[in-house]
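Structure, as C-alpha coordinates:
The values are calculated or read from the model by the stated rules, or taken from the named source; none is laboratory data. Nothing here was measured: the structure is a model prediction, and the numbers come from that model. So basically every Cβ, Gly included, is an ideal-geometry build from the backbone, and we count neighbours across all protein chains shown.
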Amino acid sequence: MKSNVSFLRRLGSIIYDFFLVFSFVFFVEGVVIIINNKQAITSSLFFYLLTLPLIYAYFSMSWIRGKQTLGMRAWKFEIIQKDGSHVTQKQSLIRFLLAIISLSGIGFIFQFFNQYRLPLHDYYSETYLISTLK
(Lines give C-alpha, C1' and ligand atoms only; values in the text may rest on other atoms or scores of the structure.)
Protein backbone atom coordinates (compact mmCIF):
# COMPACT_ATOMS: atom_id res chain seq x y z
CA MET A 1 0.00 0.00 0.00
CA LYS A 2 1.29 3.42 -0.91
CA SER A 3 0.82 6.55 1.20
CA ASN A 4 -0.97 9.38 -0.60
CA VAL A 5 0.08 12.11 1.86
CA SER A 6 2.80 14.43 0.61
CA PHE A 7 5.93 15.32 2.51
CA LEU A 8 4.77 18.93 2.90
CA ARG A 9 1.47 17.87 4.49
CA ARG A 10 3.38 15.60 6.87
CA LEU A 11 5.68 18.50 7.73
CA GLY A 12 2.71 20.80 8.36
CA SER A 13 1.21 18.23 10.72
CA ILE A 14 4.52 17.79 12.55
CA ILE A 15 4.83 21.53 13.10
CA TYR A 16 1.22 21.75 14.32
CA ASP A 17 1.71 18.86 16.75
CA PHE A 18 5.07 20.29 17.88
CA PHE A 19 3.37 23.46 19.10
CA LEU A 20 0.69 21.44 20.89
CA VAL A 21 3.24 19.19 22.58
CA PHE A 22 5.44 22.17 23.49
CA SER A 23 2.46 23.87 25.15
CA PHE A 24 1.57 20.69 27.00
CA VAL A 25 5.14 20.21 28.28
CA PHE A 26 5.25 23.86 29.31
CA PHE A 27 2.01 23.36 31.29
CA VAL A 28 3.35 20.18 32.96
CA GLU A 29 6.54 22.01 33.97
CA GLY A 30 4.41 24.77 35.50
CA VAL A 31 2.48 22.21 37.55
CA VAL A 32 5.76 20.61 38.70
CA ILE A 33 7.09 24.02 39.77
CA ILE A 34 3.92 24.71 41.77
CA ILE A 35 4.10 21.28 43.45
CA ASN A 36 7.83 21.78 44.20
CA ASN A 37 7.29 24.95 46.26
CA LYS A 38 7.80 27.28 43.29
CA GLN A 39 11.27 25.98 42.47
CA ALA A 40 12.24 24.58 39.11
CA ILE A 41 13.53 21.02 38.82
CA THR A 42 17.00 21.26 37.35
CA SER A 43 17.44 17.54 36.68
CA SER A 44 17.18 16.85 32.97
CA LEU A 45 16.66 13.15 33.67
CA PHE A 46 13.60 13.86 35.80
CA PHE A 47 12.22 16.17 33.13
CA TYR A 48 12.59 13.53 30.39
CA LEU A 49 11.24 10.74 32.57
CA LEU A 50 8.17 12.85 33.26
CA THR A 51 7.46 14.32 29.84
CA LEU A 52 8.37 11.54 27.38
CA PRO A 53 5.68 9.13 28.67
CA LEU A 54 3.13 11.95 28.57
CA ILE A 55 4.09 12.87 25.01
CA TYR A 56 3.90 9.19 24.02
CA ALA A 57 0.46 8.94 25.64
CA TYR A 58 -0.82 11.85 23.54
CA PHE A 59 0.40 10.37 20.27
CA SER A 60 -0.47 6.78 21.10
CA MET A 61 -4.02 7.52 22.20
CA SER A 62 -4.56 9.76 19.18
CA TRP A 63 -3.31 7.13 16.73
CA ILE A 64 -5.02 4.14 18.34
CA ARG A 65 -8.41 5.62 19.18
CA GLY A 66 -9.02 8.32 16.62
CA LYS A 67 -6.57 7.45 13.82
CA GLN A 68 -5.17 11.00 13.90
CA THR A 69 -3.54 13.63 16.07
CA LEU A 70 -4.84 17.19 16.07
CA GLY A 71 -2.16 18.11 13.53
CA MET A 72 -3.20 15.25 11.28
CA ARG A 73 -6.85 16.31 11.60
CA ALA A 74 -5.98 19.89 10.61
CA TRP A 75 -4.07 18.64 7.55
CA LYS A 76 -6.79 16.07 6.75
CA PHE A 77 -5.12 12.70 6.91
CA GLU A 78 -5.16 9.70 9.20
CA ILE A 79 -3.07 6.68 10.12
CA ILE A 80 -4.18 3.12 9.41
CA GLN A 81 -2.89 -0.41 9.04
CA LYS A 82 -2.74 -2.05 5.62
CA ASP A 83 -6.24 -3.52 6.06
CA GLY A 84 -7.70 -0.14 7.07
CA SER A 85 -8.09 -0.92 10.77
CA HIS A 86 -6.86 1.10 13.74
CA VAL A 87 -3.19 1.05 14.71
CA THR A 88 -2.20 -1.35 17.53
CA GLN A 89 -0.33 -0.47 20.72
CA LYS A 90 2.80 -2.24 19.42
CA GLN A 91 2.72 -0.33 16.14
CA SER A 92 2.20 2.91 18.04
CA LEU A 93 5.28 2.29 20.20
CA ILE A 94 7.46 1.35 17.21
CA ARG A 95 6.23 4.40 15.29
CA PHE A 96 6.87 6.77 18.21
CA LEU A 97 10.41 5.51 18.88
CA LEU A 98 11.40 5.57 15.22
CA ALA A 99 9.75 8.96 14.70
CA ILE A 100 12.28 10.42 17.12
CA ILE A 101 15.00 9.21 14.73
CA SER A 102 13.02 10.37 11.71
CA LEU A 103 12.92 13.91 13.07
CA SER A 104 16.69 14.06 12.55
CA GLY A 105 15.92 13.96 8.83
CA ILE A 106 17.16 10.45 8.10
CA GLY A 107 13.72 8.90 8.34
CA PHE A 108 12.15 11.37 5.98
CA ILE A 109 14.94 11.06 3.42
CA PHE A 110 14.09 7.34 3.46
CA GLN A 111 10.61 8.33 2.22
CA PHE A 112 11.99 9.52 -1.11
CA PHE A 113 13.86 6.27 -1.82
CA ASN A 114 11.30 3.52 -1.26
CA GLN A 115 8.46 2.47 -3.52
CA TYR A 116 5.72 3.01 -0.93
CA ARG A 117 6.72 6.63 -0.12
CA LEU A 118 6.87 5.78 3.59
CA PRO A 119 9.26 7.38 6.08
CA LEU A 120 11.26 5.10 8.33
CA HIS A 121 8.78 5.08 11.22
CA ASP A 122 5.79 4.18 9.01
CA TYR A 123 7.75 1.57 7.06
CA TYR A 124 8.84 -0.43 10.12
CA SER A 125 5.62 0.01 12.10
CA GLU A 126 3.64 -1.09 9.02
CA THR A 127 1.36 1.94 9.18
CA TYR A 128 0.14 4.17 6.38
CA LEU A 129 -1.07 7.73 6.17
CA ILE A 130 -4.07 8.28 3.94
CA SER A 131 -5.72 11.52 2.92
CA THR A 132 -9.23 12.23 4.17
CA LEU A 133 -9.78 15.04 1.65
CA LYS A 134 -12.90 14.60 -0.40
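Would it be correct to say that ILE94 is farther than 15 Å from ARG10 by Cβ, surrounded by 15 or more Cβ atoms within 10 Å (Cβ to Cβ) and touching a His at 6+ places or on another chain (Cβ under 7 Å)? First the steps, then the outcome.
Working: farther than 15 Å from ARG10 by Cβ: yes; surrounded by 15 or more Cβ atoms within 10 Å (Cβ to Cβ): yes; touching a His at 6+ places or on another chain (Cβ under 7 Å): no.
The answer is no for ILE94.
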Checked the stretch 5-22 for anything of a type in the set (Val, Ile, Thr), within 13 Å of the chain's Cα centre (by Cα) and within 12 Å of MET72 (Cα to Cα); matches are ILE14, ILE15
query: Is the stretch 109-121 home to any residue that is closer than 25 Å to PHE24 by Cα and crowded, with 18+ Cβ neighbours inside 10 Å?
result: yes
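Among the residues of the stretch 22-42, which ones are in contact with a Leu (Cβ under 9 Å, 6 or more places away or on another chain) and either exposed (fewer than 10 other Cβ atoms within 10 Å of the Cβ) or of a type in the set (S, T, N, Q) (or both)?
Hits for the stretch 22-42: nothing passes.
Counting only residues that are loosely packed, with under 12 Cβ neighbours inside 10 Å and aromatic (Phe, Trp, Tyr), which one in the stretch 43-77 is nearest to SER3 (Cα to Cα)?
TYR48
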Only one of (1) over 12 Å from the mean Cα position of the chain (by Cα); (2) among the hydroxyl-bearing types (Ser, Thr, Tyr); (3) closer than 23 Å to MET1 by Cα does not apply to SER102, and that is (1)
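Does SER3 satisfy the criteria of being surrounded by 14 or more Cβ atoms within 10 Å (Cβ to Cβ), modelled with pLDDT of 90 or more and of a type outside the set (Val, Ile, Thr)?
For SER3, the condition - surrounded by 14 or more Cβ atoms within 10 Å (Cβ to Cβ), modelled with pLDDT of 90 or more and of a type outside the set (Val, Ile, Thr) - is not met.
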Check your understanding: Is it fair to say PHE19 is out of contact with any Ser or Thr (no Cβ under 7 Å at 6 or more places or on another chain), surrounded by 10 or more Cβ atoms within 10 Å (Cβ to Cβ), closer than 27 Å to ILE94 by Cα and modelled with pLDDT under 90?
Key -> no
